[in-house]
Amino acid sequence: MRSWSSPDIPLLGDLGLGVGPVVQVHDTATGRLRPSDPSGSARLYVCGITPYDATHMGHASTYLAFDLLQRAWRDHGLDVDYTQNVTDVDDPLLERALATGIDWSDLAEREIELFRQDMTALRIIAPANYVGAVETIDLVVSLIDKLDAAGAVYRVDDDLYFDVHADAGFGAVSGLDEQAMLQIFPERGGDPARAGKKHPLDCLLWQAERPGEPSWETRLGRGRPGWHVECAAIALEHLGTAFDVQGGGSDLVFPHHEMSASEATVVTHEPFAQAYVHAGMVGFEGEKMSKSKGNLVLVSALRAAGHDPMAIRLALLAHHYRSDWEWFDDEIAKAEVRLAAWRDAVSRPLAPAGADLLRAVRTAMADDLDAPAALAAIDTWAADDSAADPQAGRTARTAIDALLGVAL
Ligand code: ZN
């Protein structure tokens, strides 16, 4: 699938500004910070959208977090190998298509294109491999075959299920006990009560054709892939095993990331990822921002209202990626004030030492992507009128572009 255009990213090392520290990321599976400093390329998989509605601030916040991670890795001197999927056939998409009378594939294409435009406007680094479920059917069938050979697949009617207990490490990503899993599972697409399953937590691998729904003819029969195995198949194909970071919103920890990891591990006997990194949820009007609740603040609506995408980006950066936070309507005005102050500050002929500012921003971003600390350091620098360094404005502008992705 066509990706979008990445922004140009200055490499500070090439500009004689050295390299940043080793990046520490918070790993959900261990609950700890861990250094992420692979030899060669850093490999990142981030779960993409199900394209049935426009990009809201919760999505933007998640994809921004993994954009920041890539900037910190690059600043440390690493190349980045980045894959993201699009779940372009799944129940929520088909339900929306049915409700609105739009062909499901037209709806998907329309929303994917809007997502590309929003990501481009926000200067979010594009994945090298942007892969749809629809173009992954063969990979999924192949992975299900391997799971079957490992004895981890069984049939309920004509659907295929994954026996989660085929993976002795099942539960290691989320750390949840079975009771907690059973409570969350049906809230996030699971079907614990379905008759014929060996265990309530077993998840769907392959859904046989339903009347009126899209399906593909395969050696498993006519049907379509389950969501978790889609991501397992795409990640293994494009990144291999034990890649550096599996990312997404915190609502994907269980069941999605747990299931994908178990399915991959049963086949490869290797860890799926080194670290599981999750962005917090964004609320609005007292509840998590979500399509089902209808309380969305859309990136495209803010853009259409004339807000500078860099102000939208700054509004998101004001919150730590791991925190759950609530969007208030004055966030964008506050970000616009900050953006104007920074633009004035980097244009000064003389400014306080740029090297000190660069060190502070690098330290903050390498410390689990602490953007609010980086913003505070830049605010302090911008408000400091002890001008001394004729290069400082240029250094600050370049560092803010490279590490925070804000074009001033
Ligand atoms: Zn995924």
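Please determine whether any residue of segment 227-234 is more than 11 Å from the ligand (Cβ to nearest atom) and touching a helix residue (DSSP H, G or I) at 6+ places or on another chain (Cβ under 8 Å). Even if it seems obvious, please write down each step before you answer.
First, the residues of segment 227-234 that are more than 11 Å from the ligand (Cβ to nearest atom): none.
For segment 227-234, residues more than 11 Å from the ligand (Cβ to nearest atom) and touching a helix residue (DSSP H, G or I) at 6+ places or on another chain (Cβ under 8 Å): absent.
Does at least one position in segment 355-369 carry a residue that is out of contact with any Cys (no Cβ under 7 Å at 6 or more places or on another chain) and on the phi > 0 side of the Ramachandran plot?
First, the residues of segment 355-369 that are out of contact with any Cys (no Cβ under 7 Å at 6 or more places or on another chain): 355-369.
From the residues that got through so far, the ones that are on the phi > 0 side of the Ramachandran plot too are 368-369.
Among the residues of segment 355-369, at least one is out of contact with any Cys (no Cβ under 7 Å at 6 or more places or on another chain) and on the phi > 0 side of the Ramachandran plot, which makes the answer yes.
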Counting only residues that are surrounded by 19 or more Cβ atoms within 10 Å (Cβ to Cβ) and either among the basic types (Lys, Arg) or outside the structural domain of Leu78 (by TED's automatic domain parsing) (or both), segment 13-50 contains a total of 1
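If you scan segment 255-288, which residues turn out to be farther than 22 Å from His320 by Cβ and either small (Gly, Ala, Ser) or within 13 Å of the ligand (Cβ to nearest atom) (or both)? Give the steps one after another, and end with the answer.
Here is the first cut: in segment 255-288, the residues farther than 22 Å from His320 by Cβ are 255-256, 258-272.
Answer for segment 255-288, where residues must be farther than 22 Å from His320 by Cβ and either small (Gly, Ala, Ser) or within 13 Å of the ligand (Cβ to nearest atom) (or both): Pro255, His256, Glu258, Met259, Ser260, Ala261, Ser262, Glu263, Ala264, Phe272.
Condition test on Thr62, is it buried (at least 23 other Cβ atoms within 10 Å of the Cβ), at pLDDT 95 or above and of a type in the set (Val, Ile, Thr)?
Values: buried (at least 23 other Cβ atoms within 10 Å of the Cβ): yes; at pLDDT 95 or above: yes; of a type in the set (Val, Ile, Thr): yes.
The answer is yes for Thr62.
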Of (1) in a loop (DSSP other than H, G, I, E, B); (2) within 16 Å of the ligand (Cβ to nearest atom), Leu205 fails just (1)
Can you confirm whether Glu187 is over 22 Å from Ser142 (Cβ atoms), more than 16 Å from the ligand (Cβ to nearest atom) and part of a helix (DSSP H, G or I)? yes
Please determine whether any residue of segment 211-218 is in contact with an Asp or Glu (Cβ under 8 Å, 6 or more places away or on another chain), part of a helix (DSSP H, G or I) and either more than 16 Å from the ligand (Cβ to nearest atom) or not aromatic (Phe, Trp, Tyr) (or both). no
Reported set for segment 55-90 where residues are assigned to a helix (DSSP H, G or I) and either among the polar types (S, T, N, Q) or over 12 Å from the mean Cα position of the chain (by Cα) (or both) is Met57, Ser61, Thr62, Gln70, Arg71, Ala72, Trp73, Arg74, Asp75
When segment 59-101 is checked residue by residue, the ones that are in contact (Cβ under 8 Å) with a residue 24 or more places away in the chain and among the small types (Gly, Ala, Ser) are Ala60, Ser61, Ala65, Ala72, Gly77, Ala97
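If I ask for residues that are at pLDDT 95 or above and either over 19 Å from Gln84 (Cβ atoms) or of a type outside the set (A, V, I, L, M, F, W, C) (or both), which ones from segment 42-59 would you list? Write out each step before concluding.
Within segment 42-59, the subset at pLDDT 95 or above is 42-48.
Scanning segment 42-59 gives Arg43, Tyr45, Gly48.
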I need the full set of residues from segment 30-54 which are within 16 Å of the ligand (Cβ to nearest atom), assigned to a loop (DSSP other than H, G, I, E, B) and touching a strand residue (DSSP E or B) at 6+ places or on another chain (Cβ under 7 Å), in order please. Cys47, Gly48, Ile49, Pro51
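Could you look through segment 262-295, keep only residues that are of a type in the set (A, V, I, L, M) and under 18 Å from the mean Cα position of the chain (by Cα), and pick out the one that is modelled with the lowest pLDDT? Step through it out loud before you land on a result.
Residues of segment 262-295 of a type in the set (A, V, I, L, M): 264, 266-267, 273, 275, 277, 279, 281-282, 289.
If we keep only those that are under 18 Å from the mean Cα position of the chain (by Cα) as well, we get 273, 275, 277, 279, 281-282, 289.
On the way: Ala273: 98, Ala275: 98, Val277: 98, Ala279: 98, Met281: 94, Val282: 93, Met289: 73.
So, considering only residues that are of a type in the set (A, V, I, L, M) and under 18 Å from the mean Cα position of the chain (by Cα), the one modelled with the lowest pLDDT is Met289.
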Out of all the residues in segment 67-120, which are polar (S, T, N, Q) and surrounded by fewer than 21 Cβ atoms within 10 Å (Cβ to Cβ)? Thr100, Ser105, Gln117, Thr120
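The values are calculated or read from the model by the stated rules, or taken from the named source; none is laboratory data. Because the structure is a prediction, the values reported are computed rather than measured. Note that each Cβ is placed from the backbone with ideal geometry, even for glycine, and that neighbours are counted across all protein chains shown.
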